[in-house]
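One structure is given here, and the rest of the page talks about it.
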Amino acid sequence: MESHLIQTITLSLVIGIFTSVLTRRLKMPAVPFFIAAGFAAGPVGFGLIQPASLGDGLLVLVEIGVAIILFEGGLSLSTHSFRAESAAIRRILFLTIPMTGAGAALLAHFILSVAWQFAIFFGAVIVVTGPTVIGSLLRSVNLKRRLETLLNWESIWGDVIGVLLSALALKIITLDLTAASPLRLAMTLALSLLAGTTVGAISGKVLVRFILPAVARLRDPGLPGIVAVAVAVATFALANGLFQSSGPLAAAVAGFFLSHSRVETLHEIRHFKKQLSDIFISTLFVLLSAYIDPLPFLHLWPHMLGIALILGAAVRPFAVLTALIGSGVSLPERLYIGFIGPRGIIAVATMSYASFTVVGNREQMNLLLNLTFAIIFISGAMATLLCKPLARLLRVQVPVNSSGLLLVGANPLGEAISRFAGGFVPVGVLERETESCSLEEVLGTRVVCVDILESDIYEDASGEGFGRILALTGSDALNELITQRAAVHLGARNTFQVQAGPGGRAILGTAATDHNIAFSRDFYSAVANEQLARGEAEVKVLSAATIAGDPRLVPLLQIVDGGKGVRIVRPGQTVEHETLCFVPPEVRGHL
């Protein structure tokens, strides 16, 4: 038994992480691949993973995973995005979710003949979309900011609402129907909300006010993330201990509270929590996928696939379109949200948890578990196949090269880049030195004097259409910090830094990857700025043929899409169109 347990955990972890890496390389949502891998490795497949060997440990892993996932999800949300789209967010959460749940319950009851109390429970579970699948989707396609905001908020707080509703519906299953009066169920929901909100708020306050400052004094960059994980799990357990099923809400509230604090270690916490959340998600998905046994229900799988298709192609789009009428969200945006609604780990975890704990009606619970996996697989596959072509068809995609460019650092190189790029895309410059800001204002460039290490600045910039950032200050360490802060809101693939000088070192003592370095590994902004200031070098638009003929030229920004955008050139990339180049002193006289 012990060897099976170790093998099961090890293989689930390895297969999950390998699948996650593969799907990120392919830039595709991972959920369908998790399910396929877990099913193939489980008892129905090759028998390499035996979830039964974990016993009650699987239930514990599910609860801990839910706590960490929702806490990490709460960390990614912001009040700024809510204020910008509050009406639409409220409609999605309080109109779309109930309508989708009601449709799912009706489908389960009339197509699969599931008893009403179980159908209601299924409807409550399946409403959640999930940050795991939505996050991977948003990384693969550049959507309009409004769409990203709405999908993010639905994925996080939809999970919380779904868990609370499913806990309420579970009581309909476990209690006698005559005892589960509407008043009693309403009181249960109210107490769950009160307990979860109160415990989460207090936990977040204690973490920010007392625990993290004490940990920060130890000057160990690895500790804040570890401590935050411990507090998240403790918050989940404490809330559940006070009132059953209030833990998920408490974990999300604590994470949301922490995300709006001003603690210096917030970035490190987010980074660590994201990594840990990814580990739990991939491992749990594989484990729970191996847990299902579809063989007793093979004759019902056509019906289950039919329910999945109807739910994704009719019920959810109708709910979204109806709920968002008059909200200001355009018809193409509503259609995109309606057809892209993949389900995630919280739905799997909640249904699995119920199948573990409900001792009676085992056949009904196993049927619903199979149905849940069918819907998750179909919705994930639909999202994978449709997210990019549907975005292009509905014109809700924002090409990266056409998005606004944010420059950090007011200097001669930044001025030249700003003037050139401003003819094709919106350009903004951030600077914290008042003298530099005043100088740039005289030159006519839009400059904002801010604390360039404040993460909220980049959230605001993203909301205004700036999808890329180029850090070109005179410090490699500062450039690295800037791109780290900005990546939270713009995505790592859209953050670039220019090397300051040959002697510069990153904060962690390691060099940045070519993916984040702009222009060339042999190009340094400090040297370039000195040469530009003395008039020894220049920045000039050159043809692709001219650039190819002299390797000493440094391509900076290439004109793309017929003049509708500019692309930041990375080290080693070739250019095919006219490109802004840095012309060093030894070449200047020959052009």
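Which residues, counting only those in the stretch 566-583, are closer than 17 Å to Ala518 by Cα, touching a helix residue (DSSP H, G or I) at 6+ places or on another chain (Cβ under 8 Å) and surrounded by 12 or more Cβ atoms within 10 Å (Cβ to Cβ)? Don't jump to the end; show me each part of the working.
Within the stretch 566-583, the subset closer than 17 Å to Ala518 by Cα is 566-575, 579-583.
Now restrict to residues that are touching a helix residue (DSSP H, G or I) at 6+ places or on another chain (Cβ under 8 Å): 566-567, 574-575, 579-582.
Hits for the stretch 566-583 are Val566, Arg567, Val575, Thr579, Leu580, Cys581, Phe582.
Do we have Leu75 as among the aliphatic types (A, V, I, L, M), crowded, with 21+ Cβ neighbours inside 10 Å, modelled with pLDDT under 85 and in the same structural domain as Leu11 (by TED's automatic domain parsing) here?
Details: among the aliphatic types (A, V, I, L, M): yes; crowded, with 21+ Cβ neighbours inside 10 Å: yes; modelled with pLDDT under 85: yes; in the same structural domain as Leu11 (by TED's automatic domain parsing): yes.
So Leu75 fits the description; yes.
Is it fair to say Leu107 is in contact with an Asp or Glu (Cβ under 9 Å, 6 or more places away or on another chain), hydrophobic (A, V, I, L, M, F, W, C) and crowded, with 24+ Cβ neighbours inside 10 Å?
Working: in contact with an Asp or Glu (Cβ under 9 Å, 6 or more places away or on another chain): no; hydrophobic (A, V, I, L, M, F, W, C): yes; crowded, with 24+ Cβ neighbours inside 10 Å: yes.
No, not satisfied.
Hey, any hits in the stretch 430-441 for a residue that's among the hydroxyl-bearing types (Ser, Thr, Tyr), surrounded by 17 or more Cβ atoms within 10 Å (Cβ to Cβ) and modelled with pLDDT under 85?
Restricting attention to the stretch 430-441, the residues satisfying the condition of being among the hydroxyl-bearing types (Ser, Thr, Tyr) are 434, 436, 438.
Next, only the ones that are surrounded by 17 or more Cβ atoms within 10 Å (Cβ to Cβ) stay: 436.
Right, trim to modelled with pLDDT under 85 and you get 436.
Scanning the stretch 430-441 turns up at least one residue that is among the hydroxyl-bearing types (Ser, Thr, Tyr), surrounded by 17 or more Cβ atoms within 10 Å (Cβ to Cβ) and modelled with pLDDT under 85.
Inspect the stretch 101-117 for any residue being part of a helix (DSSP H, G or I), small (Gly, Ala, Ser) and modelled with pLDDT under 90 and give the result as yes or no. Break it down into steps so the answer makes sense when it comes.
Of the stretch 101-117, the ones part of a helix (DSSP H, G or I) are 101-112, 116-117.
Keeping just the survivors that are small (Gly, Ala, Ser) gives 101-105, 108.
Among the residues that remain, those that are also modelled with pLDDT under 90 are: none.
No.
Kindly evaluate Ala313 against the criterion of being more than 30 Å from Ser53 (Cβ to Cβ) and over 21 Å from the mean Cα position of the chain (by Cα). Walk me through it before giving the result.
On the way: more than 30 Å from Ser53 (Cβ to Cβ): yes; over 21 Å from the mean Cα position of the chain (by Cα): yes.
Against the criterion (more than 30 Å from Ser53 (Cβ to Cβ) and over 21 Å from the mean Cα position of the chain (by Cα)), Ala313 qualifies.
Test Glu264 against the stated conditions and say whether it is at pLDDT below 90, in the same structural domain as Ala124 (by TED's automatic domain parsing), under 25 Å from the mean Cα position of the chain (by Cα) and surrounded by fewer than 17 Cβ atoms within 10 Å (Cβ to Cβ). Give the derivation first.
Numbers: at pLDDT below 90: yes; in the same structural domain as Ala124 (by TED's automatic domain parsing): yes; under 25 Å from the mean Cα position of the chain (by Cα): yes; surrounded by fewer than 17 Cβ atoms within 10 Å (Cβ to Cβ): yes.
The answer is yes for Glu264.
Could you please let me know if Phe373 is surrounded by 21 or more Cβ atoms within 10 Å (Cβ to Cβ), among the aromatic types (Phe, Trp, Tyr) and under 22 Å from the mean Cα position of the chain (by Cα)? Before the answer, list the steps.
Details: surrounded by 21 or more Cβ atoms within 10 Å (Cβ to Cβ): yes; among the aromatic types (Phe, Trp, Tyr): yes; under 22 Å from the mean Cα position of the chain (by Cα): yes.
Here the answer is yes, as Phe373 does meet what is asked.
What residue, among those in the stretch 552-565 that are over 25 Å from Glu536 (Cβ atoms) and in contact with a strand residue (DSSP E or B) (Cβ under 7 Å, 6 or more places away or on another chain), is surrounded by the most Cβ atoms within 10 Å (Cβ to Cβ)?
Step one: filter the stretch 552-565 for residues over 25 Å from Glu536 (Cβ atoms), giving 559-565.
Okay, now just the ones that are also in contact with a strand residue (DSSP E or B) (Cβ under 7 Å, 6 or more places away or on another chain), so 559-560.
On the way: Ile559: 22, Val560: 20.
Only one residue tops the list, namely Ile559.
Mind checking whether some residue in the stretch 342-359 is modelled with pLDDT of 90 or more and surrounded by fewer than 18 Cβ atoms within 10 Å (Cβ to Cβ)?
Step one: filter the stretch 342-359 for residues modelled with pLDDT of 90 or more, giving none.
No, every residue in the stretch 342-359 fails to be modelled with pLDDT of 90 or more and surrounded by fewer than 18 Cβ atoms within 10 Å (Cβ to Cβ).
Test of understanding: among Thr23, Thr19, Thr8, which residue is β-branched (Val, Ile, Thr), part of a helix (DSSP H, G or I) and farther than 30 Å from Val488 by Cα? Show your work before the answer.
Working: Thr23 fails: farther than 30 Å from Val488 by Cα; Thr19 fails: farther than 30 Å from Val488 by Cα.
Going through Thr23, Thr19, Thr8 in turn, the sole match is Thr8.
Restricting to the stretch 311-321, what's the tally of residues that are surrounded by fewer than 16 Cβ atoms within 10 Å (Cβ to Cβ) and in contact with a helix residue (DSSP H, G or I) (Cβ under 7 Å, 6 or more places away or on another chain)?
Qualifying residue count, the stretch 311-321: 0.
The values are calculated or read from the model by the stated rules, or taken from the named source; none is laboratory data. Everything numeric in this text was worked out from a predicted model, so none of it was measured. Don't worry about glycine lacking a Cβ; one is built from the backbone with ideal geometry, like all the others, and counts go over all protein chains shown.
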